[in-house]
Structures are given as structure tokens and as C-alpha cells.
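Written out below as C-alpha cells is the structure these notes cover.
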Amino acid sequence: MVHPLRISTTSDGTHGSGAAYTVGVTVVGTPGSAGAYTEINLVENAATLYYYCSAHAGMGGQLNTAAGTYSDLQQESDLVFDDWIPLENNAYVGRSFQFKAVLSTDHVDQTPLVDQLGAILQFERRTENSATIASGTASNGKAVTFANAFYTDGNTKVTVGITAFGLASGDYYVMSEPTRTGFTITFKNGSSVIDRNFQYTAIGYGTEQT
């Protein structure tokens, strides 16, 4: 028995008086044959979709995609990607990523079905250590730029530790909140700006590729 996988905007597809959804859907081979698969690339703001068996009623369900906004993703159709490669436990570098799952079966009476499918990406943690820097006596402080910008968002920040040298009694420093590209630091004693040497250690995720 073969169960051809199809997509529709109607629950149970053609069995529920709906039609097959074809935008971004590619069917390769004959369902039930070795190497056959269905590839689905959802477009932004796609309608609620349902998967169903085109040969049998009552075998489908709703396709659920992760909630979120796509404003930070490029959606242009002219994006060019390298060849598909199998995912392994490894580090990958890129500006944009596409994912697909290829399902196959060795039995003509079986068609793989997927209830949920996703990918979890983790940025590699990175530490940047500086040489010794003189803070100077500028009233607006010493602006420090990281050698390579970090990745930041609402939940991902850069942390910076300072090692100061030659501090006298009453010396202290004021540092701005680090951004993806750097921070500003000012050494003071009372209300006076003073010059002190320091080093920093910045810890964050990602490296800007230029």
C-alpha cells in the first residue's frame, strides 16, 4: 500500500474538498520507490498548511512551523547557495543557510511521514584578548574596537572583563555597555580623568565575516 504525501490549505486535502498546494513543493520520483521524496520550501507568510495522503482520507494533519519573525532573513529568490551537504556535528561558516530533509524507504509499501522537523544552530563561543592599551585622558573616554565584531541580539550579549595596571588609591573606571563592535572606558580619580594602562577580555559568539 502506497501513501503519496501531499500538501493542502484544506484539512485532509482533496478528501476535504480542497486542492493540492504546490507553491514551493517538489515531488521527486514515485512514492514508495527508493530515492523518492517530497521537498517543501515554505514562503514567508504562507497560509496554514496540512499534509495528507492523496490516496487515503483521514491520514494527515496540520503542518506547524516555528513562531517568530522573518524580518532579519533574506527572502530574495536570487540567493545562490553551495551544493547540499549532509549535516554533521561540526562548525559551519555562512551568511544564510538552507535545510532540507531527504526521506527514503526500501519498501514499496511504506512512505515516511514527518510530524515535526527542525534545526538548532549554536554559535561558537569566542574569546578575544587585547594587548596593553593606554586609556588616555580624553573627557569622553577611550573608545575600544574589537578586532572582529561579535554577534548580538536581544538575548545574546558580549561580556568584557578589564585588567587595570598601576591603579592608585581612589582610582576607578567607568565602562559603557559593550556592543557587537566594542566599548568605551574612562579611568578616573574623583572627578578627574586619568591615564591608566589596561587589557580586556571579551567573550561572545560569532565572528563578523567581511
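Every read-out reported here was derived from the displayed coordinates using simple, explicitly stated rules and does not represent laboratory data. All figures in this text were calculated on a predicted structure; none of them were measured in a lab. Virtual Cβ from ideal backbone geometry, glycine too; neighbours counted across all protein chains shown.
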Between Asp153 and Ser33, the FRET efficiency computed from the C-beta separation at R0 = 30 Å comes out, to the nearest 0.05, as 0.10
Over all viewing directions the Cα convex hull of segment 125-205 casts an average projected area in nm² of 5.3
Label model pair Thr14, Asn189: point-to-point distance (7 angstrom along the Cα→beta-carbon line) in nm is 8.6
Highest mean packing first, using Cβ neighbours within 10 angstrom, the peptides 179-190, 139-150, 124-135 sort as 179-190, 139-150, 124-135
Candidates Gly24, Gly13, Gly60; GNM for the chain (alpha-carbon contacts under 10 Å) flags as most fluctuating Gly24
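Among 194-200, 106-112, 3-9, how do they line up by average Cβ neighbours within 10 Å per residue, starting with the highest?
3-9, 194-200, 106-112
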Once Tyr92 and Glu177 are pulled to full extension, the length gained, defined as 0.36 nm per residue separation minus their Cα-Cα distance, is 27.7 nm
Treating only Lys and Arg (+1) and Asp and Glu (-1) as charged, each at its beta carbon, one finds that segment 125-205 has a dipole about its Cα centre, in Debye to the nearest 20, of 120
As straight-line cross-link partners of Lys142, the qualifying lysines (C-alpha separation under 23 Å, not fewer than 8 residues apart within one chain) are Lys157, Lys188
Checking Ser169, Ser11, Ser96 against a Gaussian network model of the chain (alpha-carbon springs below 10 Å), the top fluctuating residue turns out to be Ser169
